[in-house]
Amino acid sequence: DHGSGEQLYECPMCSLTCTNIQILEEHVDLHLEEHSFSEVSLFLPSVGRNRDLELAQWLQMEEDKRQKSEEEQREKEEFKKLQKQYGLDNSGGYKQQFLKSMEKEVDRGRMQPFEYHKRKADMMECLAFGVDDGKTKTSGVIEALCKHYQNENKDAQRVWLSAGVDHFHSSLGDRGWGCGYRNFQMLLSSLLQNSLYSDCLRDTPVIPSIPKIQSMIEDAWREGFDPHGASHFNNRLHGSKAWIGACEIYSLLTSLRIKCQIIDFHKPTGPTGTHPRLFEWVLRYYSADNEGAAKIVCTSKPPIYLQHQGHSRTVVGIEEKKNKTLCLLLFDPGCPSQEMQKLIKQNSDGCSLRLLRKFVGSLKEKQYQIVAVDGVLSVEEKAARCHASQVLTSEKIP
């Protein structure tokens, strides 16, 4: 109240003086609204930021779950593909594939029902006795090669050949996965003709069937050979289409007391991804103890098992050209009997040799392994190798 007698009203929040109570109330309401807005504005951004962070974290977690689930599914699918590719998918073995393949031949009109039943009966009999039916075998190729090189006067200066080797190719029962077994049959066909190995092979007088070879490898595993490799196959081959490689061949041969070694050419040693040291090793293998002036040397050396990713073949000899280049002579299980028969015809002009010849530039896989036989093991040596194979079975060429 001042001298004019007019009533004054003071704002309790900012000391502003008003002459009208309604104006003061409106003024104070503005203060309250402003104060309330300030508090909310300080609080809400924090809430918003927290909610945004939580949402972002949740979305990221869901995305991680989705990606993990997709990755696990891809891994399962890839694993199944690998199992199928390497015959570990429980889809049956030699017998099942043989029967299915013949059924398809009948359905397509390529095989008569009576032939189907006859071949089925023959197969079941061979499997019961554990022997190969011999229907994919070609004999006499090594002898034909000797004659060819004796009459061939071109650029081959020296030729070394393994002792007689029969060729075996894949059949309806093992097409696509049986190369390792067929190469073992080739190697064994030579060993059975060599008196040095008669004692070792007295329980294996004939070429075993593929299921029998699978059982023989399982027997080697049970003896203690290569437990790491055995675990890869869950200690089981029989009844499967499982691919085998150098380690399985080594274990099987050693279990039979046949002295052998694995040599690992784990990287190229020449230009453009070639492996000249592999060729040089094979030359030393054949030429050792077989020096002389003869152009063609029919050695007593067994053939060599040659493995690379996805396939294996059998080395049966080596050529040395006049310019010192080397050429391997290979038996391939993928080559059918009809083609191999061309090599033993008397009028062969040598063109069929292209099936066998492989020069340095022809072998360009990243890695090769060979299994080379060199004698017989005593019982004590076999036991020592069994123990050693549990640690290391491969010598590496630097």
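The values are calculated or read from the model by the stated rules, or taken from the named source; none is laboratory data. Bear in mind the structure is a predicted one, so any value in this text is a computation, not a measurement. No Cβ is skipped: glycine too gets one built from the backbone with ideal geometry, and neighbour counts run over all protein chains shown. Ligands, DNA and RNA are excluded from the accessible area calculation, which covers all protein heavy atoms including side chains. Shrake-Rupley method; radii C 1.70, N 1.55, O 1.52, S 1.80 Å.
Looking at the range 113-125, I want the residues that are open to solvent by less than 80 Å² (accessible area, probe 1.4 Å) and have a partner that is in a helix (DSSP H, G or I) and hydroxyl-bearing (Ser, Thr, Tyr) with Cβ atoms under 6 Å, at least 6 apart or on another chain. Which pairs are those?
none
Checking LEU187 against (1) within 28 Å of TRP243 (Cβ to Cβ); (2) part of a loop (DSSP other than H, G, I, E, B); (3) touching a residue at least 60 places away in the same chain (Cβ under 8 Å), which single condition isn't satisfied?
Only one criterion is unmet by LEU187, namely (2).
Filter the range 133-153 down to the residues that are of a type in the set (Lys, Arg) and free of Cβ contacts under 8 Å to residues at least 60 places away in the same chain and list them by number.
LYS135, LYS147
Here is a check on your reading of the model: is TRP281 assigned to a helix (DSSP H, G or I) and aromatic (Phe, Trp, Tyr)?
yes
Of everything in the range 188-239, what is of a type in the set (Gly, Ala, Ser) and under 19 Å from CYS386 (Cα atoms)? Give them in sequence order.
Passing the criteria: SER215, ALA220, GLY224, GLY229, ALA230, SER231.
Kindly provide the set of residues from the range 259-271 that are crowded, with 17+ Cβ neighbours inside 10 Å, within 24 Å of the chain's Cα centre (by Cα) and outside any loop (DSSP other than H, G, I, E, B), ordered by number.
Those that are crowded, with 17+ Cβ neighbours inside 10 Å, within 24 Å of the chain's Cα centre (by Cα) and outside any loop (DSSP other than H, G, I, E, B): CYS260, ILE262, ILE263, PHE265.
Check the range 176-196 and report whether any residue there is charged (D, E, K, R) and open to solvent by 20 Å² or more (accessible area, probe 1.4 Å).
No, every residue in the range 176-196 fails to be charged (D, E, K, R) and open to solvent by 20 Å² or more (accessible area, probe 1.4 Å).
Of all residues in the range 152-180 being in a loop (DSSP other than H, G, I, E, B) and charged (D, E, K, R), which is nearest to ILE318 (Cα to Cα)?
Only one residue fits best here, namely ASP155.
Based on this model, can you work out whether THR274 counts as open to solvent by less than 30 Å² (accessible area, probe 1.4 Å), farther than 23 Å from TYR250 by Cα, in contact with a Pro (Cβ under 9 Å, 6 or more places away or on another chain) and assigned by the TED database to the domain that holds ASP374?
Judged against the criteria, THR274 is a match.
Of everything in the range 208-247, what is touching a Phe, Trp or Tyr at 6+ places or on another chain (Cβ under 6 Å), open to solvent by 20 Å² or more (accessible area, probe 1.4 Å) and of a type in the set (A, V, I, L, M)? Give them in sequence order.
none
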